[in-house]
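Asker: Below is the structure I would like to discuss, written out as structure tokens.
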Amino acid sequence: MPEPAPTLIVSADDIARRLGVPRPLDPDDEWLIEQAIAEGQAGLEAYLGRPVAPRAYTDQHVRRYRYPGADEWRLSETPVQSVTTVTEETDADGDPTGLYTVEYIAGLDGANDPDLAPLRRYVRAAAIYSPEVRAWFKRVAPELARQITNLSVDGQSVTYSDTYAVPPGGGAGAADGVGQVPPLSSCDRWRIAGRRVYQRPTPLGPGWWPCRDWAYEWPYGGGF
């Protein structure tokens, strides 16, 4: 079964509009641009160590926290956008275990959150400067895809360069500033430092007090 297409935080129509290319796009052209967007977005997610668009997740053996001021669920992915389904887990005898399976939607909302504009800016630039999109741009809009870099009036010679020539040193992330390719470091605010290995809190059995991030054993037994 093929994997579902990723949710893109930048649209192919947005890329075409910024490049001044007539719309609507041909389906093959739209597909090509979307592939470039997906590749740039995948690179950004690898750098940040987290998805930049909400995805569906399922966590099993989740404890429900009911005391005031605490999160109701301690889930592995954040930020949680919504909880879809909660199923109470049972043991071999059909008795409740006190744990739950939670299906939920989580992740940064890179397409819509105004504060995440730097993420969209990077993905947009990564797509525009990709070899596939630059070649497509020169094919469908050759006059827009080039700019004059040298003009000799007497000799009547003109030298052109690509409008979106790759900056010295590589592609997206090689330069900085307005109108240039933003570096990955422009998105560091949302990067998970040192990445992460999530370990769910150990389920607390009878006689344990689940009212803090760490477990405290009630000295007199019996629990609450």
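Asker: What FRET efficiency comes out for the pair Ala141/Ile105, r = Cβ-Cβ distance, R0 = 35 Å, nearest 0.05? Could you put the intermediate results ahead of the total?
Answerer: On the way: r = 38 Å, r/R0 = 1.10.
After rounding to 0.05, the efficiency reads 0.35.
Asker: Report the charge-dipole magnitude of the stretch 37-131 in Debye, nearest 20, computed about the Cα centre from +1 at each Lys and Arg Cβ and -1 at each Asp and Glu Cβ.
Answerer: Dipole about the Cα centre, nearest 20: 600 debye.
Asker: Next up: At 7 Å along Cα-to-Cβ for each site, give me the label-to-label distance between Ala46 and Ala5 in nm.
Answerer: According to this spin-label approximation, the distance is 2.2 nm.
Asker: Just want the answer: with Cβ charges of +1 for Lys and Arg and -1 for Asp and Glu, which residue in Pro54, Leu32, Gly43 is farthest toward the dipole's positive end in the stretch 22-72?
Answerer: Going by the Cα projections, it comes out as Pro54.
Asker: Turning to a different aspect of this structure: Could you check the simple spin-label distance between Ser76 and Ile192, using points 7 Å along Cα→Cβ, in nm with one decimal?
Answerer: Placing both labels 7 Å beyond Cα along the Cβ direction yields 1.0 nm.
Asker: Under a plain spin-label model, where a point goes 7 Å from the Cα along Cα-to-Cβ, how far apart in nm are Asp28 and Asp13?
Answerer: 2.3
Rule-based calculations on the coordinates, nothing more; no lab input. Just so we're clear, the structure is a prediction, and the values are computed from it rather than from any experiment. Backbone-built Cβ (ideal geometry, glycine too); neighbour counts: all protein chains shown.
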